[in-house]
1. Of all residues in segment B:214-229, which are more than 9 Å from chain C (Cβ to nearest Cβ) and part of a loop (DSSP other than H, G, I, E, B)?
2. So in segment A:305-327, with the set limited to residues that are over 18 Å from residue A:98 (Cβ atoms) and in contact with a helix residue (DSSP H, G or I) (Cβ under 7 Å, 6 or more places away or on another chain), which one is surrounded by the most Cβ atoms within 10 Å (Cβ to Cβ)?
3. Considering only strands (runs of 3 or more DSSP E) fully contained in segment B:1-112, which possess at least 3 residues that are in contact with a helix residue (DSSP H, G or I) (Cβ under 7 Å, 6 or more places away or on another chain)?
4. With the requirement that a residue be touching a strand residue (DSSP E or B) at 6+ places or on another chain (Cβ under 6 Å) and free of Cβ contacts under 8 Å to residues at least 24 places away in the same chain, what does segment C:10-21 give you?
5. Would you check if there is a residue in segment B:166-174 being buried (at least 22 other Cβ atoms within 10 Å of the Cβ) and either touching a strand residue (DSSP E or B) at 6+ places or on another chain (Cβ under 7 Å) or without any contact (Cβ under 8 Å) to a residue 12 or more places away in the chain (or both)?
6. Tell me whether segment C:317-330 contains one or more residues that are within 16 Å of the chain's Cα centre (by Cα), more than 7 Å from every other protein chain (Cβ to nearest Cβ) and under 22 Å from residue D:253 (Cα atoms).
7. Got a number for residues in segment A:189-207 being crowded, with 24+ Cβ neighbours inside 10 Å and assigned to a loop (DSSP other than H, G, I, E, B)?
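The values are calculated or read from the model by the stated rules, or taken from the named source; none is laboratory data. Just so it is clear, the model here is predicted, and its values are computed rather than measured. Quick reminder, even Gly has a Cβ in these numbers, built from the backbone with ideal geometry, and neighbours come from all protein chains shown.
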C-alpha cells in the first residue's frame, strides 16, 4: 500500500494516518523524496482503502500487490522521465545514448571522446574512474582527480557524465562531479550503498546483478527510492549463464518485462551484454526495438589499446554507424512501438 | 578440411584423393548430399592444400578450423536459402514467418488457422502432432492421422507445414506429409534421429537444446549435413537459466553469433523464448532486428482454451498486429541491416 | 491416485473400478508391470477413496499429490531393491559399485577390466558400445558385436553389465546382452525411448538430463514405470552451470532430495559429476555419505590412452583405493545413516 | 612471482630487490601482513628466479602461474591454520563447527544458543546483526548494540563469534566485538570492503558469491591477503542455478577444488547450500567427507518462529544429532582421508 501525502499535511495529520495504518496491522514506512512524501504500508491483512481515503493530508492511495512498491507500475502508471538539465532527458519517450571508454584513461582520451560524442549528437558520456577488478593487482582507475578533470572538460562541452560509485565513502567526494551515479553489477545488492544513494539528489542507474533476477533489480531500486531518491534508471547488462560463446547472455526478455513491471526507464548495455565487438550493434538495435529507453556502450579510438574491455569496445567509425542506426530506428516507432 | 568434389569425379579419382588425405594423417569422411559430394578431412596435422588441389575431380578445398565443418561459414560464405517450392523461401534475404497452434487440435482448429494465415500472407504453418510431454499422462498429440488431414488441408490452401518428429520410426510415415521436419529442444542431441534426418530430402529445423550451447547446435546441424541433407534451419528458442520471470531466457546474442558462424538460416521462436504472451511481440521484433531470417510463433483462436502452451500463445488479433510489424520491420533493412 | 489391483481381479471388476474412477472426474490409466497391476487416476477433483475402497479386486488405494505418481515415495514407502540375480542387488540397503571404461575398446580392455573388478569385489561393469558424441566424426563405439563379446566374457566371470541404449531400434538387439540399460543424459527426455524401455523386463538406469531438473528425472522414470517396467534406477551425474573449474556441477543436494521424493535407488556418477580425475574420489565419498545407493565411475589401465573421457578416468590403483574407501564408508552407516 | 622477505631486510635491500624485479619487466606489489612481508611480482616475462635468489633480505621465491598468488597452494603447500585463541583453531587438521541463528534476535536467543553450543562442545557461534535483505522493508538486524551484548555473553562462556560485516564504516565499530568477520555472498566482490578487511588483524571468512566462480572467490581472498591480512577462510554456500527443488545448488566439487588450489581453510554452509531443513544433515556430512575444514549451520529453538531463514534452520535436537555425527565422521579420517 502506497499513501501519497499532500505537501501541506501537518505532522498531527500525518501521525493520525500512521496510527490508522498501524491499527490495520500494517507497518508504516515514511518516505520523503525530492519529489514528494509517501507512507509505504507493509502487511498482509485485508485493507479497505476507503477507510482512510477521506483523511486530511492524503492525496492518493494505491494497493500494490508486488513486494516492491514505489518502483512498481501498479502504483505509477506513467513512465518516469529523468531530466538531467540542459535539455537532456531519459525515459518517458526520450531515447538516450551514452557512450565512452570503459576506463577514463587521461586528458587526451577524454577530449577525443567528447569530440566524437559532439560530432554524433550524443549528450551523455560514460567512463569509469573507480574500477571494480577481479584481481587486486589490476589497474583500478584514475580516481577522484580523474573525475574532476573529466567533469570539467565534459561540462564545458555540454556533455553529461555517468560513472560508477563503488562505496559509500566515495559518494560525498563524487557528488558534485557526476550527473548520474552508476551502481555496478557487483554492487546491485550492496544495500548500504543503495541506501546512501537514496539520500542524494542525483540520478542513479542500477545495473542488474551478475546473476541477479529481474525482481532483485527492482528491489534494489526500491532501496534507493524508499531512502529518498526517485530518480532511478534500470540497466540490463547480460546475465551469467553456461553459454561460453558470449561474455554474458543479454536477457532481451528483461527489457519488456521491466518496462511492464516498473515506471522507471530501462537502459540496455550491449557491450557487457554480449561482450564481443561485432555483436554490440545487433544487440543494441534489438534492445531498442524491444522497448529500451536508451543504450550505453563502450567506445575507444583504438579499442585494442584500451586499458580494459577492449574486445567489446567499438572504434569511432563503428560507433558513428551504430548511433546513426539507433537514432533512425528509435525515431521509427511506428514500426515497432508497443 | 572440406574437399568439394566434381560431380564428374570417377571412383578411381575419388579413391586417389582419399588416399592422399589419409597419407597426410587425416581421416576422410565421404559425404554425399542432395546438392553435392564432399570429403570432410578430420585431423590436426599441418596440411598444404596445394598438394592435392590440382588432382582431377576436385572442385574446391577449404581449411575449416572450427570443429564443425560443413555448416561453417568459413567454408561457405554465402548464406543458404531453403526453397520449399511454390515461391516459399527462407534465408538468403527471404524473411519467413511461421505460425500455428502448439498442438494440432482437429479440423476446425486447422481450418481456422489456415484462414488466418492466408488473410495475413503467411505461407508456413506450425503445429505439433507428436508432442513431447514431461508427464506420460498428458495429451501426446493427434499422431499421423492428424498430420495427414492437416497436410491435405494446408496444401489445398497453398500453405507449407512444419512439425516435430520425435523418433526415427516416425520419419518414414511422416515424410510425405511435411515440408519441414522440426527437431525439438529435447532431441537436439538425439544423434540417431539427426543421422536419419540426414537421409531424407526434406528441410530440417533444429531447435537449440534446453540448455544447449551455440556450438552444440552447430554440431547437431553437422550431423544432418554430413549424413546427406544440406537443407537445415537453426532455431533459437531460449535457454534454461535461473531467471524465473520468464519461461526461458531468449538468447538474443545467439542470433548474430549463429549468423556469423554458419551459412544456415536462423529462425527465432519468441513464444518459447519468453513464454509470456505480452512479451512475444517485442522479442519477435528484436530478433528480426538482430538478424533472424524468420520467426516462428504460436497462435490460437482462444489461447486460454488451447490444448497446450496457452499462456504464450497469441490470439488472432495479436498475431495480425505482430505480422504487420514484422513485415514492416523486415522490409526496412536500411534501418538496421548488418 | 494409485489403485493397486489384485492379480485375481476379473475384467468385469476392473471395468467397474475404471467406471467409478471416471465418474469421479478422473482419467484412468491402466498400468501393467512385471510386478503388478495398477490404475493411475489423473484428475483434480476431490475424491474420497473410501467410496471405492471396498470394491472387489482392489488391493490398496493411495492419493499421491505429486504430479509423478508410481515413482513417488508417497505411495510406496519402502525403498525399491533392484535384483540382478546371482546375489547382485542395488538399493534397499544394498550398496552397489559399477566401474569400467567410458567406451568398450576391445577384448584386452574388457579382460583387463574384468580382472580388476574381480580382484576388488565389484560385480557390475560399465562401458559404452553406442557412444553419443557431439561431433559426427568422433568414434561412436564398437556397437552390437562389441556388446556380445563383452557380455560373454563378463558373464563367464560372474560380472553384470550396464550400457547405454541410444535409440528404440537398438533395444531388441541389445536386450539379451545387457543386465541394466542406461539412458544417457542427452536422452533423459527421449520419451519414445523411455516408453519402449517400459516394455522390457531389464532394469533401466536413467541419468539426469544435462540441465534437467530433479522433477524431470522423476517424470522420466514415471514414463518407464507407467509403460510396464518397475525396475528403475536414478542417476545424478552433475548439471550444467556457469562454473568452469569442473566439467559439471555435481548436485549433491539431489541425492537426499531424490531419496525422499522417490522409492527408487539413486546412483552417483562422480566421473561426469566433476570431470577431473583427482576429485572423483572425494565426490564419490560425499555421495555415499549423502545417501546414494551406489556409485558408477570410469576406470582404465592407462587413462591417458582411453578412447574417451580420459581426464576423468581413474587408473586401477586409484580405483582400488576408492573401492576400499567406499566399502569401508558404506559399511559404517552408524556414522552418517539417515 | 612471490618473494618472501626476511624480517631483517633493510629498506635499501628491499629497494634493490624491487628494482631488480622491475628491471625484469614485472610490477612489484609490496605486501605487509601480520605474519610477514612479501613482494608480489606481476608480469608475463620469462624470469629466472636464480638471478635474484642470492640477494640479501630474501627468504624465498616462488613462481606462481595462477592469476591469484598469495592464496595459492603453488606457493604455500602446507594448509593454513586459523588460531582464534583459547584453543579454538580452524584448518590444518582442526575441524571446526559453527552454529547459531540466522539473525541474533535478543538476549534470550543468545543465551539459549550459547547453552546449546556448550552442551555440545561447539566453540564458535554464528549470527547476524547486520542483515542484507532484498527488501528495504524487512528486518535488518539488531546492529552494533546487539553485537556488543552478544559478544559479552559469548566471551563469558568461552564462545567465539562470527558475524557479517556489510560495509567499510562498520568495521571500526565492530572490530573489538568479533572473532571472525564474515563477508556475505552479495559482497564477495565488494572490493573496497575486502581491501579494508585486509587492514585489520581479525580473521575473515569470505562466502562464495551468489553465482560466483571458484576463481573469483580466490581472487577476493587475494584482495584481503594482499592488503595485509593472511587469516582468511573460504566458504562454499551453494550457487544459483536453474534447479528449484533446493534453494541453491551446493557445489560439492568446490570443496576439493578449493583445497587443492589454495592453502586456506574451506568451510561448508549446508544451510544456505540446500536451504531445506531435512537435507542440511546429509549435505553437511558429505562436505566433511569431501574435505571441508568445518561446517557452519543455522539453528534455533523454534525454527518456525525464527526472524529469518526458518525453513533451513535446525532445531536443537536436530543440531545435537548433526554435531555428533559430524564429530564422529571427522574423527574417522581413515575412512575417507585424502
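1. Those that are more than 9 Å from chain C (Cβ to nearest Cβ) and part of a loop (DSSP other than H, G, I, E, B): B:228, B:229.
2. A:310
3. Ranges flagged: B:27-32, B:37-42, B:96-100.
4. C:18
5. Looking for residues that are buried (at least 22 other Cβ atoms within 10 Å of the Cβ) and either touching a strand residue (DSSP E or B) at 6+ places or on another chain (Cβ under 7 Å) or without any contact (Cβ under 8 Å) to a residue 12 or more places away in the chain (or both), one finds none in segment B:166-174, hence no.
6. Scanning segment C:317-330, I find no residue that is within 16 Å of the chain's Cα centre (by Cα), more than 7 Å from every other protein chain (Cβ to nearest Cβ) and under 22 Å from residue D:253 (Cα atoms), so the answer is no.
7. Of the residues in segment A:189-207, 3 are crowded, with 24+ Cβ neighbours inside 10 Å and assigned to a loop (DSSP other than H, G, I, E, B).
Conditions (1) farther than 22 Å from residue D:221 by Cβ; (2) within 14 Å of another protein chain (Cβ to nearest Cβ), marked per residue:
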| residue | (1), (2) |
| --- | --- |
| D:1 | no, yes |
| D:20 | yes, no |
| D:23 | yes, no |
| D:30 | no, yes |
| D:36 | no, no |
| D:41 | no, yes |
| D:50 | yes, no |
